[in-house]
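A short worksheet on the structure shown next.
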Amino acid sequence: MEKKIKALQEKMEEALGSVRSKEELAEFWQSYLGKKGSIADLMKGLGAVPKEDRPAMGKVINEFKLQVEEKYQNLRSKLEELELEARNKSEQVDITMPAVRRSMGTLHPITITKNEMIDVFSGMGFEVFEGPEIEDDDHNFTRLNVAKNHPARDTQDTFYVAEDILLRTQTSPGQIRVMDSQKPPIKVLVPGRVFRSDSDATHSPMFHQMEGLVVDKGITLCDLQGMLDKFVQAIFGNDIRTRLRPSYFPFTEPSVEVDVSCFECGGRGCSLCKGTGWIEVLGGGVVHQKVLENCGIDPNVYSGFAFGIGIERIAMLKYGINNISLFYENDLRFLKQFKD
Ligand code: DAH
């Protein structure tokens with residue numbers, strides 16, 4: 001028996017010496033320390049040993065078992081250490097390497113300008129209303145006091161979708177829709193896309209406008225000017241002044257064109273203001289009595305003012321952009337320059 005143990009010990013040492021992986025170590029365990037392993041076999045063989053020798057023999061086998069277990073454990077710890085080392089090595093990160101940059105999108109300059117305008121007006125109590133881009137002739141023209149044969153229709157080159165159905169040429173039909181659905185006092189903004197068959201460096205077949213409408217008792221042109229002063233100062237700077245010029249729109253009476261003092265030259269005259277010192281920014285006026293009547297509002301009780309601002313125009317002035325088509329080309333070199 002002792003010889004058998006000695007032989008087994010040699011075999012065990014050899015086997016252990018050739019273990020290189022956890023899998024091989026598990027195999028080693030099975031064949032020596034497992035239930036059907038060599039040591040269990042030795043234990044079974046004890047039955048054949050003379051009774052008086054059995055305790056001593058059992059002790060020898062036990063000691064051998066402990067020895068194998070200890071070697072097994074040592075090797076296991078060593079293998080785990082090596083494994084961890086290898087993993088650490090393979091997962092090493094070079095913290096001096098430049099990081100991968102993720103480029104962030106930005107809002108479109110038209111959206112930035114629109115939001116800024118809404119911010120200014122909502123600070124004065126305006127709410128935002130949105131009307132449909134496909135309108136009927138009635139809302140876009142007739143009820144705004146532009147009758148079927150009115151010459152003003154020629155100034156807005158209209159895209160018709162069907163008879164009496166068109167792509168809105170202005171956000172002004174939003175006024176009608178608001179007055180149809182709300183009673184005064186009214187204070188709304190109607191931002192949105194508008195469409196005209198027109199195209200050059202400062203005109204595009206699709207562009208954006210922001211309509212404003214205030215209807216209440218005792219509203220006058222002075223209210224319009226006071227409020228627009230605040231608006232242009234918020235957008236272009238505190239020292240900006242406004243000037244109203246008489247104009248004509250069918251839905252306002254009186255009608256005005258609003259100029260701002262040139263923020264480039266301070267009013268002395270430059271290429272931006274074409275030497276005049278003033279830049280035209282929007283149209284507006286006192287809501288025509290007929291428009292109020294068309295919406296069931298009594299012009300003897302209520303009055304109002306309205307205005308329409310081209311969002312592209314404001315953005316072009318604000319950012320010094322000289323061609324409107326830049327807004328629609330999606331050129332990242334252009335778009336990346338605008339941060340909210
Ligand atoms: N709708 C006009 C246009 O597109 C702009 C305008 C002028 C709107 C006067 C108004 C206004 O509300 O009162 O040219």
field: Those residues of the range 289-313 which are open to solvent by 30 Å² or more (accessible area, probe 1.4 Å) and away from the ligand (no atom under 14 Å from the Cβ), in sequence order
entry: Glu293, Asn294, Gly296, Asp298, Asn300, Val301, Tyr302
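In this structure, does Thr142 turn out to be touching a Ser or Thr at 6+ places or on another chain (Cβ under 7 Å) and of a type outside the set (Lys, Arg)?
On the way: touching a Ser or Thr at 6+ places or on another chain (Cβ under 7 Å): no; of a type outside the set (Lys, Arg): yes.
Against the criterion (touching a Ser or Thr at 6+ places or on another chain (Cβ under 7 Å) and of a type outside the set (Lys, Arg)), Thr142 does not qualify.
Which residues, counting only those in the range 251-288, are among the β-branched types (Val, Ile, Thr) and open to solvent by 40 Å² or more (accessible area, probe 1.4 Å)?
Thr276
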- line: Just one listed residue, out of Gly125, Gly131, is touching a helix residue (DSSP H, G or I) at 6+ places or on another chain (Cβ under 6 Å) and closer than 30 Å to Pro250 by Cβ, and it is Gly131
- request: Have a look at Ala147, Ala152 and point out the one that is away from the ligand (no atom under 13 Å from the Cβ), of a type in the set (A, V, I, L, M) and open to solvent by less than 50 Å² (accessible area, probe 1.4 Å).
  value: Ala147
task: Taking Met316 as meeting all but one of (1) more than 16 Å from the ligand (Cβ to nearest atom); (2) in contact (Cβ under 8 Å) with a residue 60 or more places away in the chain; (3) over 24 Å from Val128 (Cβ atoms), write down the number of the exception.
output: (3)
- prompt: Are any residues in the range 131-144 open to solvent by 50 Å² or more (accessible area, probe 1.4 Å) and charged (D, E, K, R), and if so, which ones?
  reply: Glu133, Asp138
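So that you can scan it fast, the table gives a plain yes or no per residue for (1) within 12 Å of the ligand (Cβ to nearest atom); (2) more than 36 Å from the chain's Cα centre (by Cα); (3) surrounded by fewer than 17 Cβ atoms within 10 Å (Cβ to Cβ):
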| residue | (1), (2), (3) |
| --- | --- |
| Gln156 | yes, no, no |
| Phe159 | no, no, yes |
| Thr169 | yes, no, no |
| Ala201 | no, no, yes |
| Ser204 | no, no, no |
| Gln209 | yes, no, no |
| Lys217 | no, yes, yes |
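Only one of these is surrounded by fewer than 13 Cβ atoms within 10 Å (Cβ to Cβ), of a type in the set (A, V, I, L, M, F, W, C) and over 60 Å from the mean Cα position of the chain (by Cα): Leu66, Leu16. Name it. Give the derivation first.
Details: Leu16 fails: surrounded by fewer than 13 Cβ atoms within 10 Å (Cβ to Cβ).
None of the other options fit; the residue is Leu66.
The values are calculated or read from the model by the stated rules, or taken from the named source; none is laboratory data. Keep in mind that what you see is a predicted model, and the values were worked out from it rather than measured. Using ideal geometry, Cβ is built from the backbone for each residue, glycine included, and neighbour counts are taken over all protein chains shown. When the accessible area is computed, the model is the full protein with side chains, heavy atoms only, and any ligands, DNA or RNA have been set aside. Shrake-Rupley method; radii C 1.70, N 1.55, O 1.52, S 1.80 Å.
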